[in-house]
1. So for region 58-69 (the condition being assigned to a loop (DSSP other than H, G, I, E, B), at pLDDT below 95 and in contact with a Leu (Cβ under 8 Å, 6 or more places away or on another chain)), does at least one residue qualify?
2. Looking at ARG128 and the list (1) outside any helix (DSSP H, G or I); (2) within 16 Å of ligand 1 (Cβ to nearest atom), which single condition is not satisfied?
3. Can you run down the residue pairs with Cβ atoms below 8 Å, 6 or more apart or on separate chains, where the first is in region 49-64 and in contact (Cβ under 8 Å) with a residue 60 or more places away in the chain and near ligand 1 (Cβ under 8 Å from one of its atoms) and the partner is assigned to a helix (DSSP H, G or I) and among the basic types (Lys, Arg)?
4. Quick one: would you say THR26 is within 15 Å of ligand 1 (Cβ to nearest atom), surrounded by 14 or more Cβ atoms within 10 Å (Cβ to Cβ), of a type outside the set (A, V, I, L, M, F, W, C) and part of a helix (DSSP H, G or I)?
Amino acid sequence: MATESAGAGGLARGSVLIEARGLIRTYGTGESAQRALDGLSLEIRQGELLAILGSSGSGKTTLLNMLGGLDRPDQGDVLFRGNSILRGGDREMTRYRKEHVGFIFQHFNLIPELTVYENVDLTADRARDPKIVERVLDRLGLSGRGDAYPSQLSGGQQQRVSIARALAKRSAVLLCDEPTGALDYETGKEVLTVLEQLVREDGETVVIVTHTREVGRMADRSIRLRSGRIQDETVNERAVSAREIEW
Ligand SMILES: Nc1ncnc2c1ncn2[C@@H]1O[C@H](COP(=O)(O)OP(=O)(O)OP(=O)(O)O)[C@@H](O)[C@H]1O
Ligand SMILES: [Mg+2]
């Protein structure tokens with residue numbers, strides 16, 4: 001699968017970007033202990049669109065938090081470009097998260113007091129591209145909306161701002177937790193189409209957590225979690241475009 005072309009994460013497309021090894025995470029203690037992840041291992045490859053499916057409580061958000069350095073496993077390791085993000089302590093994990101991970105949440109998590117431009121500018125990596133904010137706003141079809149406040153935008157536009165924000169900091173991976181969960185059907189499809197284009201056209205690496213089984217069809221690969229383990233995995237030789245999917 002590996003090719004010559006380097007993707008947005010700086011690695012050749014298809015090489016392993018993030019690797020989770022034997023993750024165990026238990027919440028609570030004693031009788032109320034809940035094992036959210038139960039020895040889960042997973043590789044995320046540069047330039048792939050990965051869908052993580054599974055019913056409520058199956059461990060999707062817990063897994064995403066581990067992959068993104070928001071939380072630590074009780075056992076196991078997470079490697080980014082071959083290096084553990086856990087061994088160096090909290091400071092190292094925070095650095096990984098800040099430098100390399102873009103999170104997209106159901107409820108956008110924009111700062112209401114800041115304009116669209118300012119929200120994106122906040123974490124933008126201007127050292128590498130002084131025009132990065134303008135460029136990503138343009139890429140996301142938001143160039144006319146830089147002066148607007150989040151509350152003045154539709155849900156789909158707000159989600160596009162949060163995607164722009166993740167891109168402007170040059171994240172190596174976009175980790176999306178139910179990115180369409182707060183959107184209506186058509187708007188949700190539009191956001192999925194944007195994420196798909198970022199993978200297909202720009203070589204970004206995108207992980208989408210979703211309840212919606214059909215979303216798995218647009219991915220290169222989808223895994224289904226059950227009780228903190230991977231129940232099954234499907235590789236789509238021919239991923240369907242987000243526009244074609246109905247659910
Ligand atoms: N902070 C927490 N404290 C206690 N238990 C937790 C916590 N976070 C998650 N859990 C438990 O861990 C398990 C996995 O939760 P997780 O949030 O990862 O599921 P999910 O697949 O994301 O579910 P959903 O689709 O509802 O978002 C659940 O049983 C949940 O109750
Ligand atoms: Mg969740």
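1. Going through region 58-69, the residues assigned to a loop (DSSP other than H, G, I, E, B) turn out to be 58-59, 68-69.
Adding the requirement that they be at pLDDT below 95 leaves none.
There is no residue in region 58-69 that is assigned to a loop (DSSP other than H, G, I, E, B), at pLDDT below 95 and in contact with a Leu (Cβ under 8 Å, 6 or more places away or on another chain).
2. (2)
3. GLY54/LYS60
4. No: the conditions fail for THR26.
This table checks each residue for (1) away from ligand 2 (no atom under 13 Å from the Cβ); (2) surrounded by 21 or more Cβ atoms within 10 Å (Cβ to Cβ).
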site: GLN34; (1), (2): yes, no
site: GLY39; (1), (2): yes, no
site: LEU50; (1), (2): yes, yes
site: THR61; (1), (2): no, no
site: ASP74; (1), (2): yes, no
site: LEU79; (1), (2): yes, no
site: VAL101; (1), (2): yes, yes
site: ILE111; (1), (2): yes, no
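Residue-by-condition table, conditions (1) without any contact (Cβ under 8 Å) to a residue 24 or more places away in the chain; (2) under 22 Å from PRO112 (Cα atoms); (3) assigned to a helix (DSSP H, G or I); (4) not β-branched (Val, Ile, Thr):
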{"site": "VAL136", "(1), (2), (3), (4)": "no, yes, yes, no"}
{"site": "VAL161", "(1), (2), (3), (4)": "no, yes, yes, no"}
{"site": "ARG170", "(1), (2), (3), (4)": "no, no, no, yes"}
{"site": "ALA182", "(1), (2), (3), (4)": "no, yes, no, yes"}
{"site": "ARG217", "(1), (2), (3), (4)": "no, no, yes, yes"}
{"site": "LEU225", "(1), (2), (3), (4)": "no, no, no, yes"}
{"site": "ILE230", "(1), (2), (3), (4)": "no, no, no, no"}
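The values are calculated or read from the model by the stated rules, or taken from the named source; none is laboratory data. Computed from a prediction, not measured in an experiment: that's the story for all the values here. Glycine gets a Cβ as well: all are built from the backbone with ideal geometry, and neighbour counts include every protein chain shown.
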